[in-house]
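J.: Got a structure for you, written out below as structure tokens; questions coming shortly.
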Amino acid sequence: MTSPPNATTEVTIVSAGRADVALAGALEISRRRAAGLLAAGSVKIGRRALKKGDRLEAGDVVSVAGPISMEVVAEAGELAVLFCDDDLVAIDKPPDIPSHPLGPGELGTLANRLVDRFPECASAGADIREAGLAHRLDRGTSGVIVAARRREIWDNLRGQFGGRNVKKQYLAIVAGEVGEGRCGERLRVVKGIARIAPFDPSALSAETEWTPERTTGEHTLLRCSAQTGRTHQIRAHLAHRGHPIAGDSAYGGPAAPIDWPAQLLHAARIALVHPSSGEPLVIEAPMPEAWNAAI
């Protein structure tokens with residue numbers, strides 16, 4: 001799938017930095033090509049054309065005018081459907097695959113499987129890489145992820161996520177016996193890692209709360225509520241409070257107590273408003289069965 005010549009594609013920046021560097025990373029293109037798009041005035045944030053020396057932050061959404069080849073190739077694979085109707089589909093994402101491809105022709109992502117089962121998702125979102133996904137989960141995070149099947153549904157869902165109207169809960173296994181807690185430290189993403197940056201005016205506000213569900217003494221299962229949706233927010237906040245997630249080597253976590261491919265973090269519950277009916281919709285993904293051996 002390639003965007004048509006007159007199309008404008010929305011792209012979410014994944015790592016902070018100069019506009020040419022950040023755009024190249026988000027689109028998986030060369031820095032030289034990114035600089036060319038910027039020099040041509042093809043890249044805007046809001047109504048303002050960006051220059052290569054401008055700074056972008058993780059989470060910024062920019063628009064790129066003109067054709068961008070970011071084909072999402074249909075690929076058969078396991079797809080655990082939690083909810084499905086004519087408007088949207090919710091999937092229980094496995095812990096070992098990315099949400100969507102970063103480059104043309106890339107396979108092995110949830111979006112590839114989604115397009116194989118639900119071809120209409122391929123054109124549902126503004127960013128054609130995402131196959132209608134209204135939000136993202138880290139590669140290693142399992143659990144609920146929601147995709148639209150039509151563009152107007154995607155617009156509604158993105159508005160709910162962007163307006164912080166979606167309530168999200170996660171399960172995490174950490175070492176030791178841990179009680180209730182919260183962290184409201186501001187975050188800035190540097191080279192793919194979320195850093196606590198309380199005095200950085202460009203850092204983004206973030207708020208996480210957690211309560212223990214059960215504990216063995218050696219490990220505790222926490223239920224975490226994310227009031228915001230920053231990159232690696234729960235992972236960074238728990239680590240900052242001295243409770244890094246088991247298996248999360250990027251944030252100093254201890255080894256996982258079970259055979260698990262990534263950090264023990266699971267998106268367990270999403271509560272939103274159904275875009276068509278206006279009724280509350282709660283979608284839950286059960287805790288992975290393998291976790292019972294750890295907690």
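Values in this text are rule-based calculations from the coordinates and carry no lab data. Bear in mind the structure is a predicted one, so any value in this text is a computation, not a measurement. Every residue, glycine as well, gets a Cβ built from its backbone with ideal geometry; the counts of neighbours run over all protein chains shown.
J.: If I model a spin label as a point 7 Å beyond the Cα along the Cα-Cβ vector, how far apart are those points for Arg139 and Glu28 in nm?
T.: Output for this residue pair reads 1.1 nm.
J.: Right, here's the next one. Fully extended, how many nm does the chain gain between Arg164 and Glu279 (0.36 nm per residue separation, minus their Cα-Cα distance)?
T.: On the way: separation 115, 0.36 × 115 = 41.40 nm, distance 1.71 nm.
Result: 39.7 nm gained on full extension.
J.: Please list, or write none, the lysines whose alpha carbon is within less than 27 Å of the alpha carbon of Lys167, excluding same-chain residues fewer than 8 places away.
T.: Leaving aside lysines fewer than 8 places away in the same chain, those within reach of Lys167 are Lys93.
J.: If every alpha-carbon in the chain counts as one equal scatterer, what log10 I(q)/I(0) does Debye give at q = 0.12, 0.15 1/Å?
T.: With no solvent term, the Cα-only Debye profile gives -0.79, -1.23.
J.: Set the Förster radius R0 to 51 Å, insert the Cβ-Cβ distance between Ile193 and Asn292 as r into 1/(1 + (r/R0)^6), and round the FRET efficiency to 0.05. Please list the in-between numbers first.
T.: Working: r = 31 Å, r/R0 = 0.60.
According to the calculation, E is roughly 0.95.
J.: Report, to two decimal places, the Cα Rg of segment 169-267 normalised by 2.2 N^0.38 Å (N = number of residues).
T.: On the way: Rg = 12.9 Å, N = 99, 2.2 N^0.38 = 12.6 Å.
Normalised by 2.2 N^0.38 Å, the Cα Rg of segment 169-267 equals 1.02.
J.: If you take every residue apart from Gly36 with its C-beta less than 13 Å away from the C-beta of Gly36, what net charge results, scoring Lys and Arg +1 and Asp and Glu -1?
T.: On the way: positive: Arg31, Arg32, Arg33, Lys51, Lys52; negative: Asp20.
Within the 13 Å Cβ shell, the charges total +4.
J.: Quickly rank 214-222, 90-98 as a protection proxy: mean count of other C-beta atoms within 10 Å, highest first. Before the final figure, lay out the partial values.
T.: Working: 214-222: 16.6, 90-98: 20.7.
Final packing ranking: 90-98, 214-222.
J.: Against the globular-protein guess of 2.2 N^0.38 Å, express the Cα radius of gyration of segment 8-65 as a ratio, rounded to two decimals. Could you put the intermediate results ahead of the total?
T.: Working: Rg = 9.4 Å, N = 58, 2.2 N^0.38 = 10.3 Å.
Computed over Cα atoms of segment 8-65, the ratio equals 0.92.
J.: Sequence gap at least 6, Cα distance under 8 Å: using those rules, report the relative contact order of segment 8-65 to the nearest whole percent.
T.: Working: 113 pairs, mean separation 28.0, N = 58.
48 percent.
J.: I need the calculated FRET efficiency for the pair Thr228 and Ala76, taking r as the beta carbon distance and R₀ as 51 Å, to the nearest 0.05.
T.: Details: r = 35 Å, r/R0 = 0.69.
Given R0 = 51 Å and the Cβ-Cβ separation, E is 0.90.
J.: Sticking with the crude label model, points 7 Å out along Cα→Cβ, report the distance from Thr216 to Phe83 in nm, one decimal please.
T.: It works out to 3.2 nm between the two label points.
J.: When Lys and Arg each count +1 and Asp and Glu each count -1, what net charge do the other residues less than 15 Å away from Glu185, Cβ to Cβ, add up to? It would help to have the intermediate numbers written out before the result.
T.: Details: positive: Arg182, Arg186, Arg188, Arg195, Arg230, Arg235, Arg241; negative: Asp200, Glu207, Glu209.
Net local charge, Glu185 excluded: +4.
J.: Which whole-number percent is the relative contact order of the chain (Cα, under 8 Å, 6+ apart)? Each step should come with its number before you reach the end.
T.: On the way: 732 pairs, mean separation 44.8, N = 295.
Relative contact order here is 15 percent.
J.: Output wanted: per-residue J couplings in Hz (rounded whole) for segment 207-216, from phi through Karplus 6.51 cos²θ - 1.76 cosθ + 1.60, θ = phi - 60°, x for Gly and Pro.
T.: 9, 10, 10, 8, 9, x, 8, 6, 8, 9
J.: Using the Cα atoms as the points, what is the convex hull volume per residue of segment 52-134 in Å³?
T.: Values: hull volume 9.9 nm³, N = 83.
Per residue, the Cα convex hull of segment 52-134 comes to 120 Å³.
J.: Around Thr211, with a cut-off of 9 angstrom between Cβ atoms, what is the net charge of the other residues, counting Lys and Arg +1 and Asp and Glu -1? Walk me through the intermediate numbers first.
T.: Values: positive: Arg223; negative: Glu180, Glu209, Glu213.
My count for the surroundings of Thr211 gives -2.
J.: Choose one of Ala197, Cys224, Ala246: the residue whose Cα lies farthest towards the positive end of the charge dipole of segment 169-267 (beta-carbon charges +1 Lys, Arg; -1 Asp, Glu; about the Cα centre).
T.: After comparing all options, I get Ala197.
J.: Another question about this same structure. What does a probe at Arg151 reach in segment 19-60, counting residues whose amide N is under 20 Å from the point 7 Å along Cα→Cβ?
T.: Residues 43-47 fall inside that zone.
J.: Let me ask you something else. Taking the radius of gyration and the Kirkwood hydrodynamic radius from Cα positions alone, what is the Rg/Rh ratio for segment 108-249, to two decimal places?
T.: Numbers: Rg = 16.7 Å, Rh = 16.5 Å.
Dividing the radius of gyration by the Kirkwood radius yields 1.01.
J.: While we're on this one: Explain nothing, just the number: dipole magnitude of the chain about its Cα centre with +1 on each Lys and Arg Cβ and -1 on each Asp and Glu Cβ, in debye rounded to the nearest 20. Before the final figure, lay out the partial values.
T.: Values: 34 positive and 35 negative charges, 279 e Å.
Charge dipole of the chain: 1340 debye, to the nearest 20.
J.: With +1 on the Cβ of every Lys and Arg and -1 on the Cβ of every Asp and Glu, and nothing else charged, how large is the dipole of segment 186-235 about its Cα centre, in debye rounded to the nearest 20?
T.: Numbers: 8 positive and 5 negative charges, 50 e Å.
So the dipole magnitude of segment 186-235 works out to roughly 240 debye.
J.: Go through 168-181, 53-66, 280-293 and give me the packing order, highest mean Cβ count within 10 Å leading.
T.: Per-residue Cβ counts within 10 Å, averaged per peptide and sorted highest first, yield 168-181, 53-66, 280-293.
J.: Then there's this: Quick one: compute the contact order of segment 204-295, relative version, from alpha carbon pairs under 8 angstrom and 6+ residues apart, as a percent. Intermediate values should be presented prior to the final figure.
T.: Working: 127 pairs, mean separation 17.3, N = 92.
Value for segment 204-295: 19 percent.
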